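Report on one structure; see the data block that follows.
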Amino acid sequence: MEDVLDLYHEPYDEKRPVICFDESSKALRDHEHDPLPVSPGAVERVDHRYERNGKQRIHLATEPLTGWVNVEITERRRTTEWIDRMVELADVHYPDAD
């Protein structure tokens, strides 16, 4: 971990950018019933039961030394989606990098 953290302290080199990549899965949910509106002397009341509305996969790439961020959302989590993000990073966002 110390080796990785040391990368953030190196000077910026556009030929060797430091890219962080992560993927995550998020469940989409919706309330079964609309919340009851706020009334004088009472706060909004929300029913905590929900219905599931599928999942979305988030692919996040960031270059911490410059603040650049790229987010892609896909419906499936397969190796091909990951490969597509890596190819996009290399060919589209950093074509001149080593």
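Readers should treat all values here as calculations from the given coordinates under stated rules, not as data from a laboratory. Keep in mind that what you see is a predicted model, and the values were worked out from it rather than measured. So basically every Cβ, Gly included, is an ideal-geometry build from the backbone, and we count neighbours across all protein chains shown.
Taken along the Cα-to-beta-carbon direction at a fixed 7 Å, the label points for Glu14 and Ala90 span 2.2 nm.
Can you give the FRET efficiency for Leu5 and Tyr50, using 1/(1 + (r/R0)^6), R0 = 25 Å, r = Cβ-Cβ distance, to the nearest 0.05?
Working: r = 39 Å, r/R0 = 1.55.
Given R0 = 25 Å and the Cβ-Cβ separation, E is 0.05.
When all alpha-carbon pairs of the chain are counted, what percent fall beyond 15 Å? Before the final figure, lay out each step's value.
Values: 3454 of 4753 pairs.
Of all Cα-Cα distances in the chain, 73 percent exceed 15 Å.
Considering every pair of different Cα atoms, what Kirkwood radius, in Å, is found for region 25-65?
Numbers: mean 1/r = 0.0749 Å⁻¹.
Taking every pair of different Cα atoms in region 25-65, averaging 1/r and inverting gives 13.3 Å.
If the segment from Trp82 to His33 were pulled out straight at 0.36 nm per residue, it would be longer than the present Cα-Cα gap by 14.0 nm.
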